[in-house]
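Novice: Let me begin by handing over the structure; questions about it come next.
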Amino acid sequence: MTTATLDVWREESLKTLEKTADPANIVETWRRMPFQHWGLDRFSAENAAGPKVTLEGGAGAEVLTLEEAVAAKESFVLPTLKTGLVSSDFLKFESVSIAAWSGGAFVHVPKGKKIEEPIRISFEHDGSKTFQLPRVVVFLEEGAEATIVEEHLGDASASLAFTRIELAQNASLRYFYTQELPKDAVHFSHQHVALGKDARLDHNSIIMGAQHHKSELEVLLNGRGAQSDLRGVLFGSEDQFFDPHTHQLHRASNTMSDMHFRVALRDKARSIYTGLIRIEKDAVDCEAYQQNKNLLLSDGARADSTPVLEILPDRVACKHGSTAGPVDKNQLFYLAARGIPPAEAAEMLVMGFFEPILERLPFEDMRERLRAVVAAGAQI
Amino acid sequence: MAPKTKESLDLREDYGTKYGFKDPEDYVFKAKKGLSRKIVEEISWMKKEPGWMTEFRLKAYDIFLSKPMPTWGNCDLINQIDFSEIYYYLKPTDGTAKSWDDVPENIKNTFEKLGIPQAEQKFLAGVTAQYESEAVYHAVNKDLEKQGVIFTDMDTALKEHPKLVRKYFSTVIPPEDNKFAALNSAVWSGGSFIYLPKNAKVDLPLQAYFRINAAKAGQFERTLIIADEGSSVHYIEGCTAPSISEDALHSAVVELIGMKGSHIRYTTIQNWANNVFNLVTKRAMAHENAFVEWVDGNIGSKLTMKFPAVYLVGKGARADILSVAFAGKGQHQDTGGKLVFAAPNTSGTIISKSVSMDGGRSSYRGLIKTYPQATDVKVNVRCDALLLDDESRSDTYPTMEIDGKRADIGHEASVSKIGDEQLFYLMSRGLSENDATSMIVNGFFEAFTKELPLEYSVELNRLIQLEMEGSIG
């Protein structure tokens, strides 16, 4: 899929890619998970392809593949390719995505429309190509409401997924991002959500797959009274390595954000969660909360946690907390006292750790599938 | 809230009366400005040091040149440091004075203004005062000598206890550690050396005072405390500098070694003038069942970057870090603590309290790291920040790296302003808004002040009062 403007942009991005040096591994973003895992030196437009996209649900909303959307409304869709990248650490990833993306989804909900039926964007990654470069664009107009699921499944490859979401005044979105790629895939996800006045976001990340996973979730509370609620669960085993980041960026007064990120790791799996709450100087009377819990199920598992606060105004209420440790002995004892053997009890506790998020998924088959993954992994 | 009275916010004015006096520069030896191999050699030669120390300094100098500046933290401020504009070594007197009467008059005046001899008369066990680069006055209580405790300045230690110094010097913080540790290793001068033999107990705190007097001066003291098995000690250091318009640099290295079952408490009240870069590396090794405490108060300086660390390398070792920062106008307090767990059954806590006002910025930066062999570790981190106005800033940068199953790690932080209800409650009982705010801030710091000997805690409360005077209301 291409148009004249897009062709120019793709050309430019290829040039940017060539000109830009690999980020140094001393940069904090890449210190613990080197950039080289994505093998961008092997990149060419020929060995990149989009994953297979399946769209369903969302009666009443405009749900298109991104290719269709570009053809139908180029001037509206194309600029979204370039919105929202705040860090130069990802310039090379962005350049690759713009240069060669294919396979994508576009959701547009008109003013005031409330979409009852959940929308499912399913990306089935194709192992025959080295790179998978999907993109998602979501735009909810004033007062619109929707529930969207973005799922990543399929074969192993190196994937770079970019999602751009804009919520106008009073719009309300519930979003799910699930990543269940094979354990030899490398995956990067960059999600950027901008919230207008009184807009609401309820975002859920479910991260289970890939050998190397890196994700950036940027939530910009741009409009007064905007609210976001971020939840994440991550389950790792064998030698999986995860590097999830969340950003709660308060840029307007009276905004609220909440974030709960739960990690369970076994075997030699490793996670390095980093979260940022930043409250800008002019954003007063904000409330922000951030919590990261890490459950270490094996001796070899490793969890790093860096929850960062940057607070500029004084009229704020801001808290964060982070914990790491094994399954609570008291809870095991309590269950043992009720006749449940330790292995089974541990499995129950791990299931309980994830269930609050899994149960919110709007599709039964996904709920069942993910519960089975967790249950299988929780057996020690 | 009524508008702030800007004139009264000049903290240096208050600082000037109490600490900001400047003596005429009168030095036996003042090295040339800037840093070169030759200056490093000259410092070592002036001090008549053994060859290994000269080599150590020169090697450290090469490391200093090869290391890049830090790429994290307040880079804009750190990069303002012009290493070629600093005097690296100033020698104020000929040798260390043993008795107060032998100390030259002008230096005596300085310390009298700071209240050191009086403090000693009252209760202090020993005092080392460092004026610019050299320790000038130092007395050790008879009782300490009887127990075999060595408390002296670092230069004297190198002369009188060369074996001990050589065995432990730079074993906790090698010059390769970071650029500023390398700089200190190359040009260090003065600092305290303490050795406690087995089971020695020093009940009264040992005290040192550091002061920068000359413009563009660097102070690079080097402190080493070795607590042998079962011994215990409390060491207190304070620092001030006059308000000179040119920036000064303080870059110390402090190494603590806590052997089996020992207890070291290290207290710092840092009250440098607001043009001092305070970039300090402090680290302790805690062996089996040792207990190390850092009590770290940061009130002064332009930029402080200081993260006292404890490496828990022996079974059952324990560490507490209590860090308090007060960031006023033009200040950035980038402070915190690091705990590295490398042995089983170890535990630690970090408590950090910070207040930012008048455009000041305070950052908590910390690290909790556990290695796989460190099973059954317990750690708790608690950071609280108060923002007193909307020009100020507070950050929290904690890092936790947990490698191993049986660890129990918790981190919590909060940032808030003084509650309107709290102020209202106090004001309804007849306190002015200013007094009420001071009272709340002092209460906020109580966890810190109650850990200090009485006159330090009084001093700190007074300093906070000074910093806050007229800022509200």
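Novice: Please go through the range A:159-212 and give me each residue that is farther than 20 Å from A:Pro51 by Cα, among the polar types (S, T, N, Q) and open to solvent by less than 20 Å² (accessible area, probe 1.4 Å), ordered by number.
Specialist: Residue satisfying the conditions is A:Asn204 alone.
Novice: Let me ask something additional. Return a yes/no flag: does the range B:438-446 have any residue that is touching a strand residue (DSSP E or B) at 6+ places or on another chain (Cβ under 7 Å), more than 9 Å from chain A (Cβ to nearest Cβ) and open to solvent by 30 Å² or more (accessible area, probe 1.4 Å).
Specialist: yes
Novice: Of everything in the range B:404-437 that's within 14 Å of chain A (Cβ to nearest Cβ) and surrounded by fewer than 12 Cβ atoms within 10 Å (Cβ to Cβ), which residue is nearest to A:Asp314 (Cα to Cα)?
Specialist: B:Gly419
Novice: Related question: Scanning the range A:1-49 for residues that are among the charged types (D, E, K, R) and part of a loop (DSSP other than H, G, I, E, B), which turns out nearest to A:Lys129 (Cα to Cα)?
Specialist: Only one residue fits best here, namely A:Asp22.
Novice: Can you work out which of the residues in the range A:14-67 that are within 14 Å of another protein chain (Cβ to nearest Cβ) and without any contact (Cβ under 8 Å) to a residue 12 or more places away in the chain is least open to solvent (accessible area, probe 1.4 Å)?
Specialist: Looking at the filtered set, the residue picked out is A:Ala24.
Novice: Take the residues in the range A:275-303 that are of a type in the set (S, T, N, Q) and within 20 Å of A:Leu201 (Cβ to Cβ); name whichever of them is most open to solvent (accessible area, probe 1.4 Å).
Specialist: A:Gln291
Novice: Residues of the range A:68-90 being in contact with a helix residue (DSSP H, G or I) (Cβ under 9 Å, 6 or more places away or on another chain), open to solvent by less than 60 Å² (accessible area, probe 1.4 Å), more than 14 Å from A:Val136 (Cβ to Cβ) and not polar (S, T, N, Q), which ones?
Specialist: Listed by number, the residues that qualify are A:Glu74, A:Leu78, A:Leu85, A:Asp89, A:Phe90.
For every residue, the table says whether it meets (1) under 24 Å from the mean Cα position of the chain (by Cα); (2) buried (at least 18 other Cβ atoms within 10 Å of the Cβ); (3) at pLDDT below 90.
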{"residue": "B:Glu13", "(1), (2), (3)": "yes, no, yes"}
{"residue": "B:Gly20", "(1), (2), (3)": "yes, no, yes"}
{"residue": "B:Glu25", "(1), (2), (3)": "no, no, yes"}
{"residue": "B:Val28", "(1), (2), (3)": "no, no, yes"}
{"residue": "B:Glu41", "(1), (2), (3)": "no, no, no"}
{"residue": "B:Thr54", "(1), (2), (3)": "no, no, no"}
{"residue": "B:Arg57", "(1), (2), (3)": "yes, yes, no"}
{"residue": "B:Phe64", "(1), (2), (3)": "yes, yes, no"}
{"residue": "B:Glu85", "(1), (2), (3)": "yes, no, yes"}
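Novice: Let me ask something else. In the range B:376-403, which residue that is more than 7 Å from every other protein chain (Cβ to nearest Cβ) and over 24 Å from the mean Cα position of the chain (by Cα) is least open to solvent (accessible area, probe 1.4 Å)?
Specialist: Selected residue: B:Val377.
This table checks each residue for (1) buried (at least 17 other Cβ atoms within 10 Å of the Cβ); (2) closer than 21 Å to A:Glu238 by Cβ.
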position	(1), (2)
A:Asn330	no, no
A:Ile340	no, no
A:Glu344	no, no
A:Met351	no, yes
A:Ile357	yes, no
A:Pro362	no, no
A:Arg371	no, yes
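Novice: With within 20 Å of A:Ala264 (Cβ to Cβ) and either out of contact with any helix residue (DSSP H, G or I) (no Cβ under 6 Å at 6 or more places or on another chain) or free of Cβ contacts under 8 Å to residues at least 40 places away in the same chain (or both) as the only criterion, which of A:Leu335, A:Leu312 stands out?
Specialist: Residue meeting the stated conditions: A:Leu335.
Novice: Would you mind listing the helices (runs of 4 or more DSSP H) fully within the range A:316-380 where at least 2 residues are acidic (Asp, Glu)?
Specialist: Counting at least 2 such residues, we get A:342-358, A:364-378.
Novice: Among the numbered criteria (1) more than 30 Å from A:Asp282 (Cβ to Cβ); (2) within 12 Å of another protein chain (Cβ to nearest Cβ); (3) in contact with a Leu (Cβ under 8 Å, 6 or more places away or on another chain), which single criterion is violated by A:Lys329?
Specialist: (3)
Novice: In the range A:318-325, is there at least one residue being modelled with pLDDT of 90 or more, touching a strand residue (DSSP E or B) at 6+ places or on another chain (Cβ under 8 Å), open to solvent by 10 Å² or more (accessible area, probe 1.4 Å) and within 30 Å of B:Gly359 (Cβ to Cβ)?
Specialist: Within the range A:318-325, none of the residues are modelled with pLDDT of 90 or more, touching a strand residue (DSSP E or B) at 6+ places or on another chain (Cβ under 8 Å), open to solvent by 10 Å² or more (accessible area, probe 1.4 Å) and within 30 Å of B:Gly359 (Cβ to Cβ).
Novice: Sticking with this structure for a sec: For A:Arg278, indicate whether it is farther than 30 Å from A:Lys183 by Cβ, basic (Lys, Arg) and within 14 Å of chain B (Cβ to nearest Cβ).
Specialist: yes
Novice: How many residues does the range B:329-350 contain that are buried (at least 19 other Cβ atoms within 10 Å of the Cβ) and farther than 20 Å from B:Gly314 by Cβ?
Specialist: Of the residues in that region, 6 qualify.
Novice: Are there any pairs with C-beta distances below 6 angstrom linking a residue in the range B:36-56 that is more than 17 Å from B:Leu90 (Cβ to Cβ) to a residue that is at pLDDT 90 or above, with the two at least 6 apart or on different chains, and if so which?
Specialist: Short answer, once both residue conditions are applied: B:Thr54/B:Ser44.
The values are calculated or read from the model by the stated rules, or taken from the named source; none is laboratory data. Only a predicted model underlies this, so the values are computations on that prediction, with no experimental measurement involved. Here the Cβ is made from the backbone with ideal geometry for all residues, glycine too, and neighbour counts use every protein chain on show. Heavy atoms of the whole protein, side chains included, go into the accessibility calculation; ligands, DNA and RNA do not. Shrake-Rupley method; radii C 1.70, N 1.55, O 1.52, S 1.80 Å.
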